[in-house]
1. To the nearest 20 debye, what is the magnitude of the charge dipole of the chain about its Cα centre, counting +1 on the Cβ of each Lys and Arg and -1 on the Cβ of each Asp and Glu?
2. Length gain on complete extension for the stretch A310 to N29, per 0.36 nm per residue less the alpha carbon to alpha carbon distance?
3. Amide H neighbours of G259 under 5 Å, counting only residues 5+ apart in sequence or on other chains, H built in-plane at 1.01 Å?
4. 5 Å is the cut-off here: which amide hydrogens, built 1.01 Å from N in the peptide plane, fall below it relative to D34, excluding neighbours closer than 5 in sequence?
5. Rounded to the nearest 10 degrees, what's the angle between the helix 189-198 long axis and the longest principal axis of the chain, both from Cα atoms, 0 to 90?
6. Explain nothing, just compute: Karplus ³J(HN,Hα) = 6.51 cos²θ - 1.76 cosθ + 1.60, θ = phi - 60°, for every residue of segment 254-259 in order, whole Hz, x for Gly and Pro.
7. What residue among Q16, Q105, Q285 shows peak mean-square fluctuation when the chain is described by a Gaussian network model with Cα springs under 10 Å?
8. Under a point spin-label approximation (7 Å from Cα along Cα-to-Cβ), what is the E356-A47 distance to one decimal in nm?
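The values are calculated or read from the model by the stated rules, or taken from the named source; none is laboratory data. The shown structure was predicted, so the numbers you read here are calculated from the model rather than taken from an experiment. Cβ sites come from the backbone with ideal geometry, for glycine too, and all protein chains shown count toward neighbours. Areas reflect the complete protein model, heavy atoms only, side chains present, ligands, DNA and RNA absent. Shrake-Rupley method; radii C 1.70, N 1.55, O 1.52, S 1.80 Å.
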Amino acid sequence: MEKWLETARRYDADDQLSKYRDEFYIGENLYYMDGNSLGLMSRRAEASVLDVMDDWKTLGIDGWTEGERPWFYMSERIGELMAGLIGADPVSVLATNSTTVNIHQTVRTLYQPTEDRYKILVDELNFPSDIYAVQAVLDDYGHGDGLLKAKSRDGHNLETEDIIALMDESVALILLPAVLYRSGQILDMERLTRAAHEKGIIIGFDLCHSIGAIPHELKDWGVDFAVWCTYKHLNGGPGSVAGLYVHPKHHHKQVSLRGWFGNNKESQFDMDHTFDPAADISQYQIGTPHILSMAPLLGALEIFNEAGIADVREKSLKLTGFMLEMLDAEFEKYGFEIVTPRPADARGGHVLIGHENAAGINAALKSRGVIPDFRAPSFVRIAPVALYNSFEDVYHALKILKEIMDDGTYKKFGNRRGVVA
Ligand SMILES: Cc1ncc(COP(=O)(O)O)c(C=O)c1O
Ligand SMILES: Nc1ccccc1C(=O)C[C@H](N)C(=O)O
């Protein structure tokens, strides 16, 4: 194992992003590898929360329009800060609601079924909340049987051709993940979008596991809409406000879930009973924005815009590449299945490994300061994050994993998941 430590130290010495590590609160002797579930707190995120609290303290109601961070425009402001991460014009991006609410909002707004074209295409590996929301829309529109699921051949990843094969004239809308939450596979968003549009289908992506980990070019690819959460790679904190992109060509369509914060800002306080929708993405807001849950993003996103998503991606690939190399070389005898695709253009920011004792292994790792997460039925997800993890972190995490396998301590932990796995 010694030679891996040397490699890790060499990579760390060469790491242009290592300066950001000190900006994050990382526990002593903790190898945090769960940034794709909940990113760590940065000092800048903490400071921006305190700044917003201070505005509340000193400005009261005038905080909506006064001060350096007027709350009335904060959803749009954070949208602007996220635009570069997804390759979109700032006027098409917004911070609002939760991911799930944004799925309800975008799908309800853009789904325009006819008698023959009413299906919604998803995939069988999709995150449950996405499916619940899409099914609810179908039910409400009287097309409860319209959910079409692309199948996985191996139970972990998807083939682009298999998805495209299902795109026919009966499909009205498609919702797919950009990066699969379990396997970490990246879908070919550009090709899927082209294929969907050739068949006249609206297509959107859930970027929860891709934003902040990989670059996107949503505008160039012509993607119709996208949703994402901001508490994973973007480090916005638990329950931080989610993101939303809708292509400008759809901005004239009135949103389905209407509320006064989706109204034209100039006329909002006229309090008229006729909805006067904002002409742009702002229309997708519903009620009063969750200012305190947006505040950390002001600081957290500043780091991304400074570091640049291209460099973040380059380091992330090197981190997961190093991890995969070590797994291949040192872990063959333990019976792990490495599920994450190998090619760099098909691998997001995390690695999924399968083992029949995965829950016990996950618990044993946590007891030794390595923080991955367990995903039922038998997988451990490990996400080394470019902004705050080092190559030495990866080395230590895997060294501890090897020790746990060698001495069998994972067996002491049973093999059951926790309430929040
Ligand atoms: C792919 C994906 N979609 C949706 C969600 C749910 O998002 P939210 O709880 O913000 O609605 C998550 C994680 O929580 C996720 O990983
Ligand atoms: N929102 C959460 C609340 C509590 C615990 C985990 C989450 C996650 O985000 C899990 C993540 N979506 C996943 O890919 O499993």
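1. The calculated dipole for the chain is roughly 1000 debye.
2. Length gained between A310 and N29: 98.3 nm.
3. So G259 has HN proximity to no qualifying residue.
4. So D34 has HN proximity to A383.
5. Tilt of helix 189-198: around 40 degrees.
6. Each residue's phi maps through the Karplus curve to give 6, 5, 7, 8, 9, x Hz.
7. Checking each option, the largest mean-square fluctuation is seen for Q16.
8. 5.3 nm
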